[in-house]
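The values are calculated or read from the model by the stated rules, or taken from the named source; none is laboratory data. All values derive from a computational prediction rather than experimental measurement. For neighbour counting, all protein chains shown are included, and Cβ atoms are generated from backbone atoms with ideal geometry for every residue, glycine included. Keep in mind that these areas ignore ligands, DNA and RNA; they rest on the heavy atoms of the full protein, side chains included. Shrake-Rupley method; radii C 1.70, N 1.55, O 1.52, S 1.80 Å.
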Amino acid sequence: GWGYECGFFPKEHHHRVCQDGLACKVLEGAEDNYVSHGKHKTKAGSVPATCKPCTAEDKCETGKTRHSADCLEEVLVTGKSCSTVQVV
């Protein structure tokens, strides 16, 4: 397959970019010429990579299990609260 350029995203998001059944895999031998700026410079972990079929080694999850594994949840908090703010 053609895959998808998943390596452009920061490394911590690589496992979320590809669709079910595919894993973000680094392209062997590809020149890494990505440049990240600002606070992400040298920290983003972006590399040339593409979505490839999952193998048993990848331990890919699918569907709701995959989504629920690290999905941010919205929580409603009710009641009174007090906080202190320091302006500097």
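Quick one: Gly45 ticks every box in (1) at pLDDT 85 or above; (2) open to solvent by less than 70 Å² (accessible area, probe 1.4 Å); (3) under 22 Å from Leu27 (Cα atoms) bar one, so which box is it?
For Gly45, the exception is condition (1).
Considering only residues that are at pLDDT 85 or above and either at positive phi or surrounded by 15 or more Cβ atoms within 10 Å (Cβ to Cβ) (or both), which ones fall in segment 1-25?
Cys6, Val17, Cys18, Gly21, Leu22, Ala23, Cys24, Lys25
Return the only residue of Lys80, Lys39, Lys59 being modelled with pLDDT under 80, loosely packed, with under 14 Cβ neighbours inside 10 Å and of a type in the set (D, E, K, R).
Lys39
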